[in-house]
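*Asks:* Structure provided below as structure tokens; questions to follow.
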Amino acid sequence: MKRFILPALLLLHCRLFAQLEHILEDPSVNWAAEFEIILPADPLAFATHEDRSASIAVLKITSEYESSLHNYVNHSLSAILWEIAENEEWDVFANAELTRPIDSEELMQMLSGPDTIVRFDPSTYEEKVQIAWDMRSSPQDARFVKVRQLLTYNDEAARFHVHTLAIAPVARNEVPRFWLKVPETEDFRPDTLIANAEVTWAARYVTNVSSPRISDFQVLKDDADMPIMERFFYRIMADTSVLLYGGLLDEAPLPPDQRACLFSCMDSVSTFDPETYLEHVEVFHTELMPEQIIDLQMIQEFFWHDEDGLLYTRLVAVAPRYKFYYREGQWYPRVGFLLRCDE
């Protein structure tokens, strides 16, 4: 039996590499990088005051009673992933890079397998071995999901796109016990998908603390050998056909004057001195440069198709953020502008 293990692992690795290679060889992909984010798994249990990794909004939930999940109502993405792992519907790995597969026996040990406890009796000098069922993480405990994605950029269209490569249910401060390789999906229309009765779970995420930092991108392709924000800014600054928005809720794009002021703006403040009767004018110059961008806030939607057993991901918009100092030494990440990726 052992002689078949190595070829099987090589075949699996080749299949994974071929999937990634297919994306990277696409001539419309000018830049690509991998990154990881952590997201809340249960939209009905999420509270913004408890966690600031990302906000989550319900798009659709069809709750089902799952007796196999210890009376747990299946409205959490972690519960869906847990069931996928239990049924071995997707390939399971020990790491996010998907290079160390986990076999069935090891997986069952991770999910609910027995453990042995060895105790030493000092009076009899005997070792006593006791088998105990380990209380491992469950869907209820895994209140988050960790996601590994590939972000691609097309310079001609000035558009970003994401491919979800792997996902793992996880407790907040724990290392994922296992990773699931997310199968490839075809392009889809979100309105058609959300209306599909087989889509039983859908949510929209807006990343906050979990927004991927520019410095953390693991670049896999760059045909211009240029930092991505520098390339992106150079592409959109002078091209007014690339529509930019002030926020996600804005229905209309920024008008030309406001759009131009995003990148370089002069403003003045006039003050009047009642003692000298003189007017003092102070000129301010503000500019947003690519090197100021620290992370990329993302608006993404996830759809679970129960019949096909597929997880669809859609990048709605991206928003470069920079350090905004509201007092000396204190800042918060502020959105410079928003680019919709679904237009």
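All of the numbers you see were taken from the coordinates with simple rules; none came from a lab. Being a predicted model, the structure only gives us computed values, none of them experimental. Cβ coordinates were reconstructed from backbone atoms using ideal geometry, including for glycine residues, and neighbour counts include every protein chain displayed.
*Asks:* Suppose the chain between Asn196 and Met108 were pulled fully straight at 0.36 nm per residue; how much longer would it get relative to their current alpha carbon spacing?
*Replies:* Difference between extended and current length: 28.4 nm.
*Asks:* What FRET efficiency comes out for Glu287 versus Arg52 if R0 is 22 angstrom and r is the Cβ-Cβ distance? Round to the nearest 0.05. All intermediate terms of the calculation are to be shown ahead of the outcome.
*Replies:* Values: r = 29 Å, r/R0 = 1.30.
The pair Glu287/Arg52 has a calculated efficiency of 0.15.
*Asks:* Right, here's the next one. Quickly work out the Leu249-to-Leu20 label distance, labels modelled 7 Å from Cα along the C-beta direction, and quote it in nm with one decimal.
*Replies:* For the pair Leu20/Leu249, the computed spacing is 4.0 nm.
*Asks:* I'd like the Karplus ³J(HN,Hα) series for region 192-207: coefficients 6.51, -1.76, 1.60, θ = phi - 60°, whole numbers in Hz, and an x wherever there's a Gly or Pro.
*Replies:* 5, 5, 5, 7, 6, 5, 7, 7, 9, 8, 8, 8, 10, 10, 10, 5
*Asks:* Continuing with this model, one more query. Could you list Tyr205, Tyr312 in order of exposure, starting from the residue whose Cβ has the fewest other Cβ atoms within 10 Å?
*Replies:* If I rank by nearby Cβ atoms, fewest first, I get Tyr312, Tyr205.
*Asks:* Can you compute the modelled spin-label distance between Ala224 and Glu186, with each label point 7 Å from Cα toward Cβ, in nm?
*Replies:* Here the modelled spin labels are 3.3 nm apart.
*Asks:* Next question, about the same structure. Calculate the FRET efficiency for Glu86 and Ser264 from the Cβ-Cβ distance with a Förster distance of 45 Å, rounded to the nearest 0.05.
*Replies:* Working: r = 56 Å, r/R0 = 1.24.
E(calc), rounded to 0.05, equals 0.20.
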